[in-house]
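For reference, the structure is listed below as structure tokens.
The values are calculated or read from the model by the stated rules, or taken from the named source; none is laboratory data. Note that this is a predicted model, so its numbers are computed, not measured. Glycine gets a Cβ as well: all are built from the backbone with ideal geometry, and neighbour counts include every protein chain shown.
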Amino acid sequence: MHKPRSGHVLQEVLGFADETPSRKEASHRQRLKRLLSGKLDFHGEYSNYAVHSWHSFPAKFPPQLPRLLIRELTEPGEIVFDPMMGSCTTLTEAMLLNRRALGSDIDPLALEIAKAKLKTINASDVWATGRRILASAQKACDRNADGLAKEFERRFNENTRTFIDYWFRKKTQLELISLVREIECLLDPCLRDFFKLVFSSIIITKSGGVSLARDLAHTRPHKVEKKPTSVFVEFWRRLQRVLRDYYPAASVKDPSIFEADARNLPLRDNSVDLIVTSPPYASHAIDYMRAHKFSLVWFGYPVEHLSALRKKYIGGDSIGDVRLLPMPKHSGQVVRSLSHLDSKKGLVLHRYYSEMMQILLEMFRVIKRGRAVVVVVGSSRMRGIDVQTDKCLSEIGEEVGFHLVHVAERRMDRDRRMMPARWHGNGGNNIELRMHKEFVLGFLKPASEP
């Protein structure tokens, strides 16, 4: 693993010691352009090290991408921020490289995953605790099934019970209740967060899982009849797998994780050294909440609350009570072209670009002058039209004040990126057409005010 250089040596190697602000900006620009001009596919490279494989999450970018950017654009101790942190790939790499990790999201499962991934655990404590909670949960199922059934009725409201009844067998429900109850009783918050992640990971999986849903990891669940899988067996297998690849990340300071909308960040101006993030697709092309609720209901979230929260997600398809902003020239033309074919889809796209303008404005505010913001976005098609996400977000970024340094194109490794559908090579549907490549947009905040 790369060993960070000391700040003094790094300054000498990169050639910006004692430079003026304008020369520092030029140096940072050159490094950013050089990085984005290189090969960024990372196909065939091992990505399941540290905590990256702990939980399935759709459309994760490879950890090698943020690692490269963090290593070359920051020094140890500097702040790396992801305002839409998702599965914590950027933050994990920041900690592994001894940077200060800072992240936010509004998705409850993303926040749960972050709490578990970014804390150091003691393997021997985990093994002992895992054995104990499994034994207690199995005992409850064997001896107190009626009590667990009554707790099921008390714990969930009618709508949530209906959802669970549809997607989980009765036996599975009792096993899950007994297990989550044991996890909730853990006094150590680090262990509690860790076992909640393991619990969620046996529901939201790339294959298998304890629900009757298929393709939960791809956010397009559909019900299938399959042989019930023991919750306890799956939990133990998953625990073993999680610990197999685990090693703790070093950090100069504990990570700061908070719930916040990327359009309204509780951060000071000019306070962050690097931002690396990947926003959602437009129009819920990847519908995170559609899958995440399968775990979140067991943590006490009613389904109606989750449905309401889904409407607030970036890239949503709801067009009621949405603030639409004026678009720059090219982006406005793309929105109008789609609106001519489908007025509702045009509004959905206008919403997406308006939300992304607000997010880019916030990122511009919090990033330090002369420093970089890297945004990884997927290609997208709506009603058969390429909505030119890369060109539009590049234009919007410049509109809010960034300098666009470079736009790189990378081919996605669909076997590992867990996209909603497999790419069979014929490109026959919109999902396949829009999700086989993505763009890496490199922005720089000017070193001085215009």
Evaluate the following for V387: is it over 19 Å from R29 (Cβ atoms) and in contact with a Leu (Cβ under 7 Å, 6 or more places away or on another chain)? yes
V252: passes all of (1) in a loop (DSSP other than H, G, I, E, B); (2) farther than 28 Å from P76 by Cβ; (3) among the β-branched types (V, I, T) but (2)
- Return a yes/no flag: does region 195-212 have any residue that is more than 30 Å from G316 (Cα to Cα), modelled with pLDDT under 85, part of a loop (DSSP other than H, G, I, E, B) and not aromatic (F, W, Y). no
When region 339-364 is checked residue by residue, the ones that are over 28 Å from the mean Cα position of the chain (by Cα) and in a helix (DSSP H, G or I) are S339, H340, L341, S343
Within region 372-387, residues at pLDDT 95 or above and surrounded by fewer than 23 Cβ atoms within 10 Å (Cβ to Cβ) come out as V376
Scanning region 28-68 for residues that are basic (K, R) and not in a loop (DSSP other than H, G, I, E, B), the one nearest to the chain's Cα centre (by Cα) turns out to be R67
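Listed here are the residues, each with its yes/no results for (1) in contact with a Lys or Arg (Cβ under 7 Å, 6 or more places away or on another chain); (2) closer than 19 Å to H284 by Cα; (3) among the β-branched types (V, I, T); (4) crowded, with 20+ Cβ neighbours inside 10 Å.
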| position | (1), (2), (3), (4) |
| --- | --- |
| R323 | no, yes, no, no |
| P328 | no, no, no, no |
| V335 | no, yes, yes, yes |
| F364 | yes, no, no, no |
Going by the structure shown, is R71 modelled with pLDDT of 95 or more, assigned to a helix (DSSP H, G or I) and within 22 Å of W236 (Cβ to Cβ)?
no
Of the residues in region 243-277, those that are at pLDDT 90 or above and either closer than 30 Å to L179 by Cβ or of a type in the set (K, R) (or both) come to I257, F258, E259, R263, R268
Inside region 157-171, the number of residues satisfying the requirement of being β-branched (V, I, T) and crowded, with 20+ Cβ neighbours inside 10 Å is 2
With the first residue restricted to region 226-240 and required to be farther than 15 Å from I133 by Cα, and the second required to be assigned to a loop (DSSP other than H, G, I, E, B) and of a type outside the set (K, R), Cβ contacts under 7 Å at 6 or more apart or on different chains are K226/L212; T229/G208; T229/V210
Sole miss for P326 among (1) part of a loop (DSSP other than H, G, I, E, B); (2) closer than 28 Å to D342 by Cβ; (3) touching a residue at least 24 places away in the same chain (Cβ under 8 Å); (4) not small (G, A, S) is condition (3)
Of R143, R155, the only residue that is out of contact with any Asp or Glu (no Cβ under 7 Å at 6 or more places or on another chain), free of Cβ contacts under 8 Å to residues at least 40 places away in the same chain and farther than 30 Å from A94 by Cα is R143
Among the residues of region 341-392, the number that are among the small types (G, A, S) and farther than 16 Å from V440 by Cβ is 5
Restricted to region 298-312 and to residues being modelled with pLDDT of 95 or more and not in a helix (DSSP H, G or I), the residue farthest from I202 (Cα to Cα) is P302
Restricting attention to region 75-88, the residues that are closer than 17 Å to R31 by Cβ, in contact with a helix residue (DSSP H, G or I) (Cβ under 8 Å, 6 or more places away or on another chain) and outside any strand (DSSP E or B) number exactly 2
